[in-house]
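Peer 1: A single structure is presented below for examination.
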Amino acid sequence: MDPTGSHLVLTTGTKTSDAARQQSIQHVYVHSSAFTSSPSDISSASLLSKWDRHLNMSPAPPRKRSTRKSSSSSGSGTTFPQCVTSVAWDAQYGTEGGAKRILLGTGRYGRVYEASLLEGSKNVPVSSTSHNATGGPSGGPSTSHSSTTSDDYIALVGTLSTGDDESEFDSEQDQGQAQRPSPLNPPPPPARVDSIFFVRTSTDNVTVLATTSGIGRRTRFHTMTSPPPSSSSSSSSSPQPSATEPQHQTALGAAFAPNAHSSFVELPGSIDGTQMKIIGDDFAFMSEFGIYYGTIDRGNTALSTQNNSKAGGVKDSSILMFEDINIFSPPVGFGLTKYHFVLLESTGTLTFVSRISNKIVQRDRIPELHATSTTPHPPNPELISDARRPGSVWLRRGENLFTVSSPYEERDIWRLRLRKILEGSGVVSPSSNTPEQIKSDEDAFDDVVTLCQNPSERSVVNLCRAEYHLSKERDVLAARWFAKAPKSLASFAATALRLCLPNLLGSAPDDTQTSPSSNAALIAYLTETFTKLNKQHQTSFKKPNDNVQFVMLGAWLTELLLADREASSKNNDAAIGQFLAHHAKNLDSATTLKVLASHDAAPHEIAAAAAASGDYASAVASALGIKNIEQSRAKGAIAAVRILENSEMSKFADVYYRHAAELLSRAPIEAGASFLRRYKDGLDPTKLLPAILHVHRLAEERRELEDDDEDEVGGDADTPHSLEDLIDEAILRYLEGVVKLGCKSTAIHNYLLSLYAELDDEQPLFRYLTSITSSGAPPPLDLPFSLRCVLKTKRHHRSAVKLYVLMGMLRSAVSLALAVDPGLARSLAKNTAGPSQKDLWLLIASHAASDNGDGGDPVDRVISVLRESGSGVLSIEDVLPFLPDFSTIDTFKGEIVAALTVYSEKISSYKDSIAECDLACDDYREEIEAAKGRKVEVERNFRCAISGRDIMVGGERVDKGDHYYAFPSGFKVYDSELRRVVIEVLEEGEREELEVLMKEIEDVSRAVKEEDGRGGLGGLGLGGGVEGAKTANEERLEELKRRYDGIVARECPLTGDIMIDSIGKPIEGWDEDLSTGRGRGGEGEVKVGGQG
């Protein structure tokens, strides 16, 4: 059965001739789908008739020796019935639908065939044919009984050397003891291929494992490995061989090709079936005297040369003799599990042998396997391996099936594996410390660790692992495993003392190990311990207080690394830097820096350690301490810049400000770029400005000194100053960058403008001024300071003109523009609006009329300005003063005529306006006269429209002390109520004027009252008239009353602008009185405009 449990091949036969002792062989194929209806129904099984024909018609191979003639062969050309005795399934690519590549081992001559099986093959059903004595179908040609698909084939691929063609009794014949085979002494049956397997290796080759055995025959173990595809002797274009010749075109067939790597091992004795088993890469089988076992080498490490005939794709092979485990007769059954050999002895005893220790671990006597009164002759039991589950063993006796299993098979396996590894400890040889051997030992220990079931077992393995490596003088490797062992098994103090003791004694094992002054083992141990402690600290739910341990271990490790570097000729700076960088967060910065300083560590090492621990101030100071040569100075500053870029700005911004000047002076480009990158993080450019100014001033002083030296020696004044130029470039880049990022600091903008002003090229300055004024917002500049900076240079006039415009000094801007670019002046005048535009054009015209040396006619220049100014700005009479006293009128006659025409039109327009004004004045006079005689009739009973208080009842005034106003709209309002409403809507100036009028009216009324002895105006002295001539006070009072009425009673408060403006305001306390149909406030008064 194949590993998928889907394909089953049966070999059956019946005796047809006792004399010939031949069997009629049939091969039957059954698919698992045949058992879906009934487990015992195999009616859908098919005969593999093609197999039968191919196997039974194959001639016998020629014999190598002919000294004896055995009855087991009848000469060349004779047909021999053969049968399939073993099948090698494709465990990797086999599926339930078909097994396209399988190998068949047969029962004669060691022949191996390649075949395929498909679920849908249409072979002859089992019940439809009968067979003759030779195994061929009777009643017609055999080809009429099967119709197979193209994938259903069988082909011979090779023949294994079984030893049948050699005389098995040569030694006995030489001694005269051999007996000729006869009917009474028949020859032993031929050797058969009783087990065959194949696997695919990592190099795309195929390794075939097979055993041949038989009663009285040799027991051999065969291994074949196909050569690489390039060395294959066959190709797709080669002619097809005959059906009786081996075919090597396929990968399986290539394993039997002449150039394949093949070998066999002959084991002593003979056995009827080796029962070979494979689990993973491990295989084992029985011989007469023991168990042969080993491992499949999928990497083909043994195939070092192509012609290595000993290479068979097998490694670590050995044999376990039965007598070593007190078994003195070959077992009748054999099974293989992951860690044990299972043997079924003829006595009915199951024996379990450890594959690791090669010792018996358990023996069980199965009562069901022994004869009883009811079953005096029980069927022979056998052990069966489950093809679908390698390692599963079943015990069958008759129709009874038992499972052989152990849920604790892996228990204590790690002890046995560990004990086996430790058997070789303490023995040191030149080959024991090679990389290959070390890797092999490590892999072995890793396998043991995988077998452990709890941390305690793994701890024991790690401790033994460390002791094993230490015995092999692998101190560094042992130290790493000592660190992983729990302190209860290997205390820190004792282990550290053991590892440093060889160094204290000043001895070393050999040249291949560390030197006498090396602390490599102790360093490795402390490093692993430190890492382990750090990991525990990070994963612990409750953080332990282990800072002291970190500080002590870190300081000790730093000391050891530095001492090891001083004592060794090798440069291990990388090891120190890696340790400090990786564990900096757990080290005490001050202690580490003291240790480094005590060993005269390089400044860059101290800087790296301080930066990794978060002490950026010390890191920057150390990095800047590199001042030996110019290149190192820049290198130290660059290192400091990189350190600062990794710092947290909120905590270490002052480090930037403190060292900014030195950073700029030593690495200007890198420092400026770093400053700009950290601007978004909060680095304030105004706090960097003092350092920038200082560095720029020093650069200018150095440049002046160098220029003076060059003048003295007659050098070139244009020689570039590299560092000073880099400083200027870095400062400009930084300031431009922060401005683009949105900096609005006036100091930054002023300094940037001053730097632009120092340049010979005006374009950067003019572009900068244009950019900051394009948005229309006020520029972040001190404009007077900026103007002084630009004017001091006596160049960059266009920029000065722009600054004049920004300051509103248009006449100065135009005056300066006229001196450098008249076109710019005219452009400014055109873009100016308002009354000042005419003044600017007059200034331009005055400049055009002056003799500027161009030789042109002043009249033409002035007229050109007049025309360019546009209509309505300048007229001919405006520019006439600028013209010479004696000028030809023909030049500007057209302008004079146009001006006179415009004046004439304006005069006509003014006359029409005067006439309209006269008519309007007449209308106003008539309305005034009509208003003097206007009267308003009032009812006998009416109330104040605002407060609701009665004014007139029955024709009599209710409150004679408070006069009222009757408006044309029909509303009557008390003066006090009207004044209260009007005051709230008056402007501030009118309210003050009203208060002054009220005070003057009271004063004048009091004076009038004193003069004539008649009462006053009540509250405002607005009582009856005066007979006869009026006094000055009375006239003054009437004038004040008119002014008072003009402010308070200019309009009706309920129909005029006051009411219109109050529409959007809520009316507080309003309540609708449905009975009277009028509104009333909470206290009987209307609140206008939201006011009481």
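Peer 1: Could you state how much accessible area residue 725 has, in square angstrom rounded to the nearest 10, with a 1.4 Å probe and all protein chains kept in place?
Peer 2: Residue 725 exposes around 60 Å² with every protein chain in place.
Peer 1: To continue, here is another question. Return a whole-number percent for the relative contact order of segment 738-858, with Cα pairs under 8 Å and 6 or more residues apart as the contact set.
Peer 2: 16
Peer 1: Taking θ = phi - 60°, what integer Hz values does the Karplus form 6.51 cos²θ - 1.76 cosθ + 1.60 yield along segment 807-814, in sequence order, with x for Gly and Pro?
Peer 2: Once rounded to whole Hz, the list reads 7, x, 8, 6, 5, 5, 5, 5.
Peer 1: Taking the Cα centroid of segment 646-710 and of segment 735-784, what is the distance between the two, rounded to the nearest whole Å?
Peer 2: That distance is 20 Å.
Peer 1: A further question on this structure: Using a 1.4 Å probe and counting only protein heavy atoms, arrange 286, 1 so the residue with the most accessible area comes first.
Peer 2: Most to least solvent-accessible, the answer reads 1, 286.
Peer 1: Which order do peptides 407-415, 913-921 fall in by mean Cβ count within 10 Å, highest first?
Peer 2: Highest-to-lowest ranking by the protection proxy: 407-415, 913-921.
Peer 1: As an exercise, use a Förster radius of 41 Å and the Cβ-Cβ distance of residue 651 and residue 492 to find the FRET efficiency, rounded to the nearest 0.05.
Peer 2: 0.70
Peer 1: Mind listing the long-range amide H neighbours of residue 384? Cut-off is under 5 Å, sequence gap 5 or more, other chains count too, H placed in the peptide plane at 1.01 Å from N.
Peer 2: 394, 395, 396
Peer 1: How much length is gained if the chain between residue 868 and residue 471 is pulled fully straight, taking 0.36 nm per residue apart and subtracting their Cα-Cα distance, in nm to one decimal?
Peer 2: Difference between extended and current length: 132.2 nm.
Peer 1: Moving on to the next point. Ordered by residue, what ³J(HN,Hα) values in Hz, to whole numbers, does segment 392-400 give under the Karplus form 6.51 cos²θ - 1.76 cosθ + 1.60, where θ = phi - 60° and Gly and Pro are x?
Peer 2: Working through the residues one at a time gives 8, 10, 10, 10, 10, 9, x, 9, 9 Hz.
Peer 1: Sorted by accessible area with a 1.4 angstrom probe, largest first, how do 481, 394 fall?
Peer 2: The most accessible residue leads, giving 394, 481.
Peer 1: Using θ = phi - 60° and the Karplus form 6.51 cos²θ - 1.76 cosθ + 1.60, what ³J(HN,Hα) does each residue of segment 822-836 get, whole Hz, x for Gly and Pro?
Peer 2: x, x, 5, 5, 5, 5, 5, 5, 5, 7, 9, 10, x, x, 5
Peer 1: Amide H to amide H under 5 Å from residue 91: which residues, 5+ apart in sequence or cross-chain, H placed 1.01 Å off N in plane?
Peer 2: Residues meeting the criterion, in which the H sits 1.01 Å from N, do not exist here.
Peer 1: Please give the contour-minus-distance gain from residue 940 to residue 746: 0.36 nm per residue of separation, less the Cα-Cα distance, rounded to one decimal in nm.
Peer 2: Length gained, residue 940 through residue 746: 62.2 nm.
Peer 1: A further question follows. Step through the table entries 687/792; 687/794; 472/535; 359/420; 794/838, compare each Cα-Cα distance with 22 Å, and write down the pairs that go over it.
Peer 2: Pairs exceeding 22 Å: 687/792; 687/794; 472/535; 794/838.
Peer 1: Given the Cα-Cα distance of residue 389 and residue 930 and 0.36 nm per residue of separation, how much length would full extension add, in nm?
Peer 2: Extra length available between residue 389 and residue 930 comes to 181.9 nm.
Peer 1: On to the next question. In whole percent, what relative contact order does segment 918-964 give with Cα contacts below 8 Å and a gap of six or more residues?
Peer 2: Dividing the mean separation by the residue count of segment 918-964 yields 22 percent.
The values are calculated or read from the model by the stated rules, or taken from the named source; none is laboratory data. Every value quoted in this text rests on a predicted model; they were computed, and no experiment measured them. Neighbour counts are summed over all protein chains in view; Cβ atoms, including those assigned to glycine, are modelled from backbone coordinates with ideal geometry. Remember, those area values only see protein heavy atoms, side chains included, never the ligands or the DNA or RNA. Shrake-Rupley method; radii C 1.70, N 1.55, O 1.52, S 1.80 Å.
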